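Report on one structure; see the data block that follows.
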């Protein structure tokens, strides 16, 4: 459960989850929505995948991510979004730059 | 030790306690058929639970743990009624408990439905529509399960059985409507 809290504590990861609500997207498509480096995005994806909130599937050369959240996890994320939970000090992937 | 194994072990301990009580009562009051029945019914639950502990299927273990707990509590109610702890003609408490337990089963599985059903091929063109459908179904059934549980917990017991069906029927109707409408306009949903 703590991995879920860690995953949704970061606004970038919450935005990734919000984007994936619409439809499954490739890593490139998702990265286009953020002004962060690809390794940083990749680290965010890893955190989300390890928390069991997204699933990754290979499609040719690209990796497609899709949402894999339970109802309570979605509600928790909605709550975090509403109250503006931002624990970025603890949440970003270790040793990664946040912007280009 | 996995979550399913812990849950099943706890449920089997509860079942074993009921079984021990039932066997004791069979010895003490052999003329009461209910105790024989409870002791006989509980034995296969214990055996199948113990067998399941050795297998590698955690989701099945969780489901069986829940079912075993419900059965153990029902049998405990039956024993308590036989011993006169609960008035013999008062079935409302046991009925209410069973209703709440069933409502919680719906909540539990509806909560996991969007997560477990996330096996849509993400590269398929209508993956977005299918994913939206799964999320919608999960949410609607989750809320219906909560409403069902609340009705069993709070409504007058004589009306609870009928009223508790309303949110479930409404949820199934909403899901059916959503399926029909999303098939009619697949492009808009994806």
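Table for the structure above
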quantity	calculated
Residue, farthest from the other protein chains (Cβ to nearest Cβ), within the range A:43-55, restricted to residues that are surrounded by 15 or more Cβ atoms within 10 Å (Cβ to Cβ) and not in a loop (DSSP other than H, G, I, E, B)	A:43
Flag for residue B:150 being modelled with pLDDT of 90 or more and surrounded by fewer than 19 Cβ atoms within 10 Å (Cβ to Cβ)	yes
Scan of the range A:19-33 for residues that are away from chain B (no Cβ under 14 Å) and surrounded by 17 or more Cβ atoms within 10 Å (Cβ to Cβ), ordered by number	A:31
Any hit, the range B:113-134, residues being in a helix (DSSP H, G or I), surrounded by 17 or more Cβ atoms within 10 Å (Cβ to Cβ) and more than 10 Å from every other protein chain (Cβ to nearest Cβ)	yes
Residues within the range A:56-79 that are facing chain B (nearest Cβ under 7 Å) and over 19 Å from residue B:136 (Cα atoms), tallied	3
Qualifying residue in the range B:51-58 (condition: touching a helix residue (DSSP H, G or I) at 6+ places or on another chain (Cβ under 7 Å) and modelled with pLDDT under 80)	yes
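The values are calculated or read from the model by the stated rules, or taken from the named source; none is laboratory data. All values derive from a computational prediction rather than experimental measurement. Reconstructed Cβ throughout: ideal geometry from the backbone, glycine too, with neighbour counts over all protein chains shown.
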